[in-house]
Amino acid sequence: MDVRIAVETPLQDDVRAMVADLNDYLIPLTPREFQFQLTVEQMAEPTVTLFVARDGAGAPVGMGALKDHGAGLGEVKRMYTYSHVRGARIGSRVLEHIEALAREKAINRLVLETGEASGFESAWRIYERSGFTVCGAVLDYPDSGYSRFYEKKLA
């Protein structure tokens, strides 16, 4: 599938709709108190860079964000692809853009939190294929049993 991936603002109607679709997907999978989603307003903060994948017609089909925590630490957030394009490796390509930006910013460690329940298997595969390894709780996330944590050290 031909897609273009670029840095965009989350404050666009079609990106807001994609974030809403992601939230609708996540809400039934994990108790609400163990979901740690950034809102579109938080995604627009200066420490967050959002990548949006668009198809040939310009419609968004996937996204992912890098949150820069400073001191060489970055966090992967809001990774998502619409169901009709899953399997086309769009998520992996978005993750490659996130990693490239992290390297440009001299981030030497990427971390992320994702769900531990059934329904997150495709996310785990993307992270593991991209060289992320399971680790203990990161940042200020609780070690609740509802989350799986990953890290990747960047050269």
Where in region 75-155 are there strands (runs of 3 or more DSSP E), lying fully within it, with 1 or more residues that are within 14 Å of the chain's Cα centre (by Cα)?
-> 109-115, 147-153
Would you check if there is a residue in region 56-69 being touching a His at 6+ places or on another chain (Cβ under 9 Å), among the small types (Gly, Ala, Ser) and either part of a strand (DSSP E or B) or within 25 Å of Gly145 (Cα to Cα) (or both)?
-> yes
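Would you confirm whether any residue within region 60-80 is within 24 Å of Asp2 (Cα to Cα), at pLDDT 95 or above and in contact with an Asp or Glu (Cβ under 6 Å, 6 or more places away or on another chain)?
yes
Can you confirm whether Ala123 is within 14 Å of Tyr150 (Cβ to Cβ) and either without any contact (Cβ under 8 Å) to a residue 60 or more places away in the chain or not basic (Lys, Arg) (or both)?
Considered against the rule, which asks whether it is within 14 Å of Tyr150 (Cβ to Cβ) and either without any contact (Cβ under 8 Å) to a residue 60 or more places away in the chain or not basic (Lys, Arg) (or both), Ala123 comes out as yes.
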Log entry, pairs with first residue in region 9-25 being closer than 19 Å to Phe36 by Cβ and surrounded by 12 or more Cβ atoms within 10 Å (Cβ to Cβ), second being at pLDDT below 95 and of a type outside the set (D, E, K, R), beta carbons closer than 7 Å, six or more apart or on different chains, reads Asn23/Gln37
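The values are calculated or read from the model by the stated rules, or taken from the named source; none is laboratory data. Since we're looking at a predicted model, the values are computed, not measured. Cβ: placed from backbone, ideal geometry, glycine included. Neighbour counts: every protein chain shown.
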